[in-house]
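The values are calculated or read from the model by the stated rules, or taken from the named source; none is laboratory data. Remember, predicted model here, so these are calculated numbers, not experimental data. Cβ: placed from backbone, ideal geometry, glycine included. Neighbour counts: every protein chain shown.
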Number of protein chains: 2
Amino acid sequence: MSHPRYHHGDLRAAVLRRAEEILRESGAGSLSLRQIARDVGVSHGAPSRHFRDKQALLDALAVAGFDRIEAEFAAAVAGETAFDARLHALARVYLRFATENPALLAVMYGRKHGADAEVGAAVLRAFEVPRTVIVDGQERGEVVPGDPRRIGMAVIAALQGLANLVASGFAAGDLLDETVGHLTHGLRPRP
Amino acid sequence: MSHPRYHHGDLRAAVLRRAEEILRESGAGSLSLRQIARDVGVSHGAPSRHFRDKQALLDALAVAGFDRIEAEFAAAVAGETAFDARLHALARVYLRFATENPALLAVMYGRKHGADAEVGAAVLRAFEVPRTVIVDGQERGEVVPGDPRRIGMAVIAALQGLANLVASGFAAGDLLDETVGHLTHGLRPRP
DNA sequence: ACCTGAACACCGTTCAAGT
DNA sequence: ACCTGAACACCGTTCAAGT
């Protein structure tokens, strides 16, 4: 709790860092601008120089979250070439992120798309990775034909839903393989 | 805004009703016990007789939400017999609910499972419908074999994810058919 | 440019007191 | 049993004033 002063210009970064900590440790309900200011050793009005209001802070947290997912997606995909392996890698990354940052995930999806341009752009960057995985898979003949962006949305939806259920505790993480399997092979029996 | 008095025992129901309205019209950020009390024409301390604290109100809203989903699930399934038709019906119902009540959905999945026994029970009741749909589908040879509860979770995950993306505006509702199709037939090309 | 500190209008929660 | 109203410790936001 012994924080140094922040009179040297990195208050914005310090606020974001502390906000993420609070989100991870205590949830969105405990996120207060005044508490963050206190923790960071600054007056309660100071953060408003860097974040117009609380929503602007939440938006910045969402952007950081999507950017982190994009980076982890990219790293996970780089290690594999086969579509199935890549899909599994994406799923693992997303599920881990959701499990470790359930409150941040809620912040990321809690805002209506288009409300903030920076968030929208970060979402598109993150979703671009699954899209290219689909495209590559189609070129290898391992994925059905169709608009890769739309197929990518179906993939994201399945991952997002699984992550949500696991983060809420309604499902266990060991459902990952099964869900990915059902998505890859379908629910209908092969003739 | 001219509300009658609520000295006759239905304050609990009146608070719940008004809370759902606010959730639908203004989102979770505008949900305040004091505002509800004002709208309902009662002193700000009165709701605490029926809801220990704000979380208890959110839990009650979640229970009501899951119960409504269960009823709509049951009605949707009753009209169809083939697995594909039933799956589509479930998806339509869930997506409509999510689109019309995005803030309520966030409340319903915002709480850790097991934190409130009544919410947990309501979740199980709602998820029971997809489970029986899977069981029936397996008996008809229209669904791959496997633990119906686990397959049901994969289905719920896909619906939940799609609903989430649509509610946030990241995807459009016309992805429904495609997502259900990918789940039914799989992403891998049929040989 | 960046931060402080007072001010304002809100919260949730508690609790004695009323009916 | 059910509700009122004051009290307390918090919020987010704004804004003159300081450095």
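Data for the structure
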read-out	value
Failed criterion for B:Ala78 (all others in (1) within 16 Å of DNA strand C (Cβ to nearest atom); (2) more than 14 Å from every other protein chain (Cβ to nearest Cβ) hold)	(1)
Considering residues of segment A:6-21 that are within 22 Å of the chain's Cα centre (by Cα) and within 14 Å of DNA strand D (Cβ to nearest atom) only, the residue surrounded by the most Cβ atoms within 10 Å (Cβ to Cβ)	A:Ala19
Some residue of segment B:65-83 being β-branched (Val, Ile, Thr), surrounded by fewer than 20 Cβ atoms within 10 Å (Cβ to Cβ), within 16 Å of DNA strand D (Cβ to nearest atom) and at negative phi	no
In segment B:27-53, the residues that are within 13 Å of DNA strand D (Cβ to nearest atom) and surrounded by 15 or more Cβ atoms within 10 Å (Cβ to Cβ)	B:Leu33, B:Ile36, B:Ala37, B:Arg38, B:Asp39, B:Val40, B:Gly41, B:Val42, B:Ala46, B:Pro47, B:His50, B:Phe51
Those helices (runs of 4 or more DSSP H) lying entirely in segment B:104-191 with at least 1 residues closer than 25 Å to A:Pro145 by Cα and at the interface with chain A (Cβ under 8 Å from one of its Cβ atoms)	B:148-168, B:175-185
Residue among A:Glu178, A:Glu100, A:Glu128 that is within 21 Å of B:Gly181 (Cα to Cα) and among the charged types (D, E, K, R)	A:Glu178
Residue ranges of helices (runs of 4 or more DSSP H) in segment A:22-102 with at least 1 members within 16 Å of the chain's Cα centre (by Cα)	A:54-78, A:83-100
Candidates B:Glu128, B:Glu142 - the one that is under 18 Å from the mean Cα position of the chain (by Cα) and either of a type in the set (Asp, Glu) or not assigned by TED's automatic domain parsing to the domain that holds B:Ile69 (or both)	B:Glu128
Residue within segment A:169-189 that is closer than 20 Å to B:Gly137 by Cβ and basic (Lys, Arg) present	yes
Subset of segment A:25-61 that is over 22 Å from B:Lys54 (Cβ atoms) and of a type in the set (Lys, Arg) - its residue that is farthest from DNA strand C (Cβ to nearest atom)	A:Arg52
Yes/no for B:Ala56 being in contact (Cβ under 8 Å) with a residue 12 or more places away in the chain and either more than 13 Å from DNA strand D (Cβ to nearest atom) or on the phi > 0 side of the Ramachandran plot (or both)	no
